[in-house]
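Structure record follows, encoded as structure tokens.
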């Protein structure tokens, strides 16, 4: 008599009973959210779609985050975590340089996610700790607190804005074939530099332009 074949029991929803999924945590949800955004773009994040990616109903995520906005705040904290590891020297210019360049690097590594969170205030306790450290470097060097804040605000606004422009595309970018094509298509008599010298403009890459702008700003702010 042939052996009876057994199949795993199934729940009413059709899921196989006995296959255990790792329990959801705030960290796993944030990791899954970043993966979803990087794969499908800044507009892809919704609790329903994220839940589907994690193998749960979207409502299950609300046991860990009260709203999408709270989740976005946690995503921002995760993205900005490298700022807390920046080694800030007592040289004001170098400290600002490292802070700004780390922020730009964060955006480059997770460009789609940075497009989503880059326009919101970074004002959680986690995000403010590295800010406090940079302000302390500036104050210790003799800056009044309000001037230290102005310097911080200037370099972070530059780095954040530059990173967002990189992520979404520069208005003028002759380093890309499509960008040069658009520039060459402009009437040269009206745009003698943008159209007439597009090939020369291609000599400026994103990294060099970033450094030029940051160094000019640092010379003006901290000497």
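Annotations for the structure displayed:
- Distant alpha-carbon pairs in the range 161-204 (separation over 18 angstrom), percent: 27
- The GNM of the chain, with springs linking C-alpha atoms under 10 angstrom apart, assigns the highest mean-square fluctuation among 148, 209, 167 to 209.
- The chain: angle of helix 145-168 to the longest principal axis, Cα-based, in degrees nearest 10: 70
- Contact order normalised by residue count of the chain, Cα under 8 Å, 6+ apart, percent: 16
- Note on the chain: semi-axes of the ellipsoid equivalent to its C-alpha gyration tensor, largest first and rounded to whole Å, are 44, 28, 13.
- Helix 68-80 and the long axis of the chain differ in direction by around 60°, with both axes built from C-alpha atoms.
- Fully extending the segment from residue 87 to residue 207 would add 41.0 nm, taking 0.36 nm per residue of separation and subtracting the current Cα-Cα distance.
- Taking every alpha-carbon pair in the range 50-168 and binning the separations at 10 Å intervals from zero gives 13, 40, 29, 13, 5, 0 percent.
- For the chain, the longest principal axis of the alpha carbon atoms and the long axis of helix 125-140 meet at an angle near 20°.
- Annotation: peptides 151-161, 210-220, ranked by per-residue average of other Cβ atoms within 10 Å with the highest first, follow the order 151-161, 210-220.
- Mean projection area, nm², convex hull over Cα of the range 99-223: 9.3
- Working note: 222 nm ellipticity from helices only, DSSP H runs with n ≥ 4, each -39,500 (n - 2.57), summed and divided by the residues of the chain, gives -18500 deg cm²/dmol to the nearest 500.
- Cα shape, the range 84-133, gyration tensor, a/c 1.5 rule: oblate
- Both radii were evaluated on the Cα set of the range 26-77; the Rg over Rh quotient, with Rh as the Kirkwood radius, amounts to 0.90.
Values in this text are rule-based calculations from the coordinates and carry no lab data. Remember, it's a predicted structure, so these values are computed and weren't measured experimentally. Note that each Cβ is placed from the backbone with ideal geometry, even for glycine, and that neighbours are counted across all protein chains shown.
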